1. For segment 139-160, give me the residue count where each residue is more than 12 Å from the chain's Cα centre (by Cα) and closer than 23 Å to residue 105 by Cβ.
2. How about segment 14-41: which of its residues are within 13 Å of residue 105 (Cα to Cα) and free of Cβ contacts under 8 Å to residues at least 12 places away in the same chain?
3. For the structure I just gave you, tell me whether residue 59 is in a helix (DSSP H, G or I) and touching a strand residue (DSSP E or B) at 6+ places or on another chain (Cβ under 7 Å).
4. Could you tell me whether residue 24 is at pLDDT below 95, assigned to a strand (DSSP E or B), surrounded by fewer than 17 Cβ atoms within 10 Å (Cβ to Cβ) and at negative phi?
């Protein structure tokens, strides 16, 4: 055996496994307006569009304040990433509170942290899918987080209530989820 250039022992003639450099550790936030279809039907398209534009402005202000990066929107939801989970939670809580107080609507939010694949300059992979499943479990005006996120923010002053241990559709295993309460 010889010591390879990477400092790892390798057998002569064996190749080292490929290193996956197309991933980044990031925190993913999804938001979604609760009852949006019913609200849209009640308001009509023009008034709904005005409300949605005001909602989007609030979300973008919060993302800027907490240094989040908007990745995509889909109808009435946002997909954003953060370098740290505490900022993502605080941003989500601000969004929840502001849209309820200023616009009279409720949103739900989901936060998860993990390795994301970089695919054609965009982030994707199972971490993004898990975050999307987490937001789907949240109720009106709730910020739901995975256990991974809760564990990472220990000492931040954020507090959580145990929400459930559930199966997330399409994701292996059972997941412990929490609601950010303070």
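1. Total meeting the criteria: 4.
2. Answer for segment 14-41, where residues must be within 13 Å of residue 105 (Cα to Cα) and free of Cβ contacts under 8 Å to residues at least 12 places away in the same chain: 37, 38, 40.
3. Judged against the criteria, residue 59 is a match.
4. Spelling it out, residue 24 is indeed at pLDDT below 95, assigned to a strand (DSSP E or B), surrounded by fewer than 17 Cβ atoms within 10 Å (Cβ to Cβ) and at negative phi.
The values are calculated or read from the model by the stated rules, or taken from the named source; none is laboratory data. Keep in mind it's a predicted model, so treat the numbers as computed, not measured. Ideal geometry is used to build each Cβ from the backbone, glycine not excepted, and the neighbour counts take in all protein chains shown.
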